1. Do you know which residues across the stretch 86-127 are farther than 21 Å from residue 70 by Cα and polar (S, T, N, Q)?
2. Out of the residues in the stretch 72-92 meeting the condition of being part of a helix (DSSP H, G or I) and among the polar types (S, T, N, Q), tell me which one is nearest to residue 121 (Cα to Cα).
3. Which of the residues belonging to the stretch 70-87 are open to solvent by 20 Å² or more (accessible area, probe 1.4 Å) and either closer than 24 Å to residue 204 by Cα or touching a His at 6+ places or on another chain (Cβ under 9 Å) (or both)?
4. Just need a number here: residues in the stretch 26-51 that are open to solvent by 60 Å² or more (accessible area, probe 1.4 Å), closer than 28 Å to residue 201 by Cβ and either touching a helix residue (DSSP H, G or I) at 6+ places or on another chain (Cβ under 7 Å) or part of a helix (DSSP H, G or I) (or both).
5. Can you pull out the residues in the stretch 52-69 that are under 15 Å from residue 174 (Cα atoms) and crowded, with 24+ Cβ neighbours inside 10 Å?
6. Consider only pairs whose beta carbons are under 8 Å apart and that are at least six residues apart or on different chains; among these, list those whose first residue lies in the stretch 22-50 and is under 18 Å from residue 103 (Cα atoms) and of a type in the set (Lys, Arg) and whose second residue is modelled with pLDDT of 95 or more and surrounded by 20 or more Cβ atoms within 10 Å (Cβ to Cβ).
7. What number goes with the only condition from (1) buried (at least 17 other Cβ atoms within 10 Å of the Cβ); (2) closer than 23 Å to residue 120 by Cα that residue 5 does not pass?
8. Looking at the stretch 54-71, can you tell me whether even one residue there is at pLDDT below 95, farther than 23 Å from residue 167 by Cβ, part of a helix (DSSP H, G or I) and aliphatic (A, V, I, L, M)?
Amino acid sequence: MQSPQPTPHDKMMFQLNLRQRGISDQAVLKAMEDVPRELFVTSLDRGYAYRDTPLGIACGQTISQPFIVAYMTEQLDLQPSHRVLEIGTGSGYQAAILSKLARDVVTLERFRTLADRARLVLKELKCSNVDVILGDGFDVPDTLGTFDRIMVTAAMEEIPEALLGRLEPGGVLIAPVGPADDKQVLVRVVRTAEGFYRQELVAVRFVPALLGIAREL
């Protein structure tokens, strides 16, 4: 049976919902409009791609609900000159959004299946400024250097000092923090001359960030 396809009305309500929930950055809204979300979900879920809900993808992971994608992106305060690190590629949807707003995006994924699939979709969309790397988000290779912005898309119990150290002065990191089975909060960290300024934003629910590269999948 052929899966339903998103309609123009779905896409219109998608944008309206983002605005009604407080997303006001026009560049973020345009990126959300320009990236075809249906390409990043399973074929059976394409008819639901523009609903404001997370959806399951391979390897037991999820694609975050559109509002959270837009909110986290807006909180990064991206500039066209920025170099961005994403921890947790997943479907590649968030990386595609970031690619519209930043100079370069490096995204790490521990599951080879997800990394390979995301790489193909991003290539199809001509997101040539995104580099998908199979790797461990808790052990970012030194060769990748530092970043103006960092986004973590899976819940960490604590943000590793080593990851904070990858921020450039004035850089911003946003991550869900908390245990897998308890309260989680979205945290925004800014690297200042005095240290790190931490702000708790909203309650969230993310799949847990896991150590290492997956042996299978």
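1. 113
2. Among those residues, the one meeting the criterion is 73.
3. Within the stretch 70-87, 71, 74, 75, 77, 78 qualify.
4. 5
5. Within the stretch 52-69, 64, 69 meet the criteria.
6. Close Cβ pairs satisfying both conditions: 30/100.
7. (1)
8. Yes, the stretch 54-71 contains at least one residue that is at pLDDT below 95, farther than 23 Å from residue 167 by Cβ, part of a helix (DSSP H, G or I) and aliphatic (A, V, I, L, M).
The values are calculated or read from the model by the stated rules, or taken from the named source; none is laboratory data. Because the structure is a prediction, the values reported are computed rather than measured. Glycine gets a Cβ as well: all are built from the backbone with ideal geometry, and neighbour counts include every protein chain shown. What goes into the accessible areas is simple: the full protein's heavy atoms, side chains included, and nothing from ligands, DNA or RNA. Shrake-Rupley method; radii C 1.70, N 1.55, O 1.52, S 1.80 Å.
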